[in-house]
Each structure stands twice: as structure tokens, then as C-alpha cells.
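S.K.: Structure below; questions to follow.
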Amino acid sequence: MPFEPTPPPDDPVVAALLGDPAVWAEVPPGLRERTLAAAAASDLGAPRRGRSRPAGRAWRRHAALAAAAAVLVVGAVAGGRSLQGDPGAGGVEVALSGTVDAPGASATAELRDEPAGVSVLLAVDGLPPAPAGTFYEVWLVGPGGKVSAGSFHQRGSQDSVALWLGVEPDGYDALTVTRQPVAGGTNAPGVVVLRGDLSR
């Protein structure tokens, strides 16, 4: 519902102002943003008292430099994180060899620290597909027991398998791959088909 002005008062100056249609016109779109931008581009943003910030153009130059520095810091943090996820920089590569139950098999596991845990990228070569009723399980093995990194079955062509560990590999001796029966699952003893030493 449009705003209706009240009748003009007795003061002729006020009455003239209130009678001007421009006073009651709607504010053009984007006026606030343009006004703020104009104020930022002028010396209005510079402090008038004290020496806490440089005045005029110097203040704007310092603000621009601070913004650029912030972008550089963010870029450095992002770059550091990507390097941490890079196997060549912050990851650990483990070579796995086939056991007597899979003599022609081999694999390479790349362990990398991630915010969600330790990612394991497993590239397997020469390992036959898990027979019907079985699957392969990847384990982190140590004196205190073993922790699963996940399972796969190696049926079809795929270069690598992405798995996850919820614990750090420190304190564990080896990374193994076992063949497990579906009926018994991970509770069954399983047959070790690949093993890699973490101490190397």
C-alpha cells in the first residue's frame, strides 16, 4: 500500500518540502551500494582523530595491501594442505608383495593424512578377482591387533581402490590384504594374500 503524506503543516518551508513529489519517491535500486562505494573511494573512510590508521590515500593503500596479504596467507594455507595430501610430499608409500596364496600379486598403498582420517589409495597388480562368496579386506596390523581400512573384490578393470583408516599408522607394523569369506565376514581369520612392511 503506497505511503500517503500527512497534510502539510503551517510552516511554508516545511510545507513546500513535504509537497515536493521527489521527497516521497521510492529509493532507486542499488542506491545504498553506490553510496557506500563512493564513501569508501573518498576520504570519508579515513579517521579524523588520532594516528591509529593512515589518512586518505595512504589508508586505502594500506587496506589494499592488507587484503592482498590475507589472500596470500589463505593461498599458502591451501597450498600446504594440498601438499600434505600429496603422496610425494606428505604421504607414505608402502609396497606390498604377494604371499604363497597369491604369488603373482603385488600392490602399492599410498597413505595420506586427511582431515577425516588417513586415506589409503591401493593400486593392485596381478591379484585375481575375489572368488564368489569371498572379498578382500585391507588391514593395518600391529602388536595390539589390527584395524580395517575397508574391503573390495577386484572384479572388473579399475586402476586403484580408495579406502580409509580411522587411526594413525604409527605403532603398526604392516599393511595386509586378506581374502575373507562373505559368510564369516571380517570376524573370520581370512587368508593373507598381500603384505607390506610399514617400517621400510
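S.K.: Somewhere in the range 139-151, is a residue open to solvent by less than 30 Å² (accessible area, probe 1.4 Å), closer than 19 Å to Asp101 by Cα and of a type in the set (S, T, N, Q)?
M.R.: no
S.K.: Right, next: Between a first residue in the range 116-136 that is among the acidic types (Asp, Glu) and a second residue that is open to solvent by 30 Å² or more (accessible area, probe 1.4 Å) and modelled with pLDDT of 95 or more, which pairs have beta carbons less than 6 Å apart while being 6 or more apart in sequence or on different chains?
M.R.: Asp125/Ser106
S.K.: Further question: Kindly indicate which of Val191, Val167 is more than 17 Å from Arg112 (Cβ to Cβ) and among the β-branched types (Val, Ile, Thr). It would help to see each step written out before you state the result.
M.R.: Values: Val167 fails: more than 17 Å from Arg112 (Cβ to Cβ).
Selected residue: Val191, the only one of Val191, Val167 that is more than 17 Å from Arg112 (Cβ to Cβ) and among the β-branched types (Val, Ile, Thr).
S.K.: Let me ask something additional. Any residue that is open to solvent by less than 40 Å² (accessible area, probe 1.4 Å) and over 16 Å from Gly91 (Cα atoms) - is there at least one of those in the range 111-123? Give the derivation first.
M.R.: Filtering the range 111-123 down to residues open to solvent by less than 40 Å² (accessible area, probe 1.4 Å) leaves 111, 117-120, 122.
Filter again for over 16 Å from Gly91 (Cα atoms), leaving none.
No; the residues of the range 111-123 include none that is open to solvent by less than 40 Å² (accessible area, probe 1.4 Å) and over 16 Å from Gly91 (Cα atoms).
S.K.: Determine, yes or no, whether Ser97 is hydroxyl-bearing (Ser, Thr, Tyr), modelled with pLDDT under 95 and either farther than 28 Å from Gln180 by Cα or touching a Ser or Thr at 6+ places or on another chain (Cβ under 9 Å) (or both). Lay out the reasoning, then the answer.
M.R.: Working: hydroxyl-bearing (Ser, Thr, Tyr): yes; modelled with pLDDT under 95: no; either farther than 28 Å from Gln180 by Cα or touching a Ser or Thr at 6+ places or on another chain (Cβ under 9 Å) (or both): yes.
Answer is no for this residue.
S.K.: Quick one: which of Val161, Val118, Val177 is among the β-branched types (Val, Ile, Thr) and more than 18 Å from Asp197 (Cα to Cα)?
M.R.: Working: Val118 fails: more than 18 Å from Asp197 (Cα to Cα); Val177 fails: more than 18 Å from Asp197 (Cα to Cα).
One residue alone meets the criteria, Val161.
S.K.: Return yes or no: is Glu168 over 13 Å from Val94 (Cα atoms), under 29 Å from the mean Cα position of the chain (by Cα) and at pLDDT 95 or above?
M.R.: On the way: over 13 Å from Val94 (Cα atoms): yes; under 29 Å from the mean Cα position of the chain (by Cα): yes; at pLDDT 95 or above: no.
Here the answer is no, as Glu168 does not meet what is asked.
The values are calculated or read from the model by the stated rules, or taken from the named source; none is laboratory data. These figures come from a predicted structure and were not determined experimentally. For neighbour counting, all protein chains shown are included, and Cβ atoms are generated from backbone atoms with ideal geometry for every residue, glycine included. When the accessible area is computed, the model is the full protein with side chains, heavy atoms only, and any ligands, DNA or RNA have been set aside. Shrake-Rupley method; radii C 1.70, N 1.55, O 1.52, S 1.80 Å.
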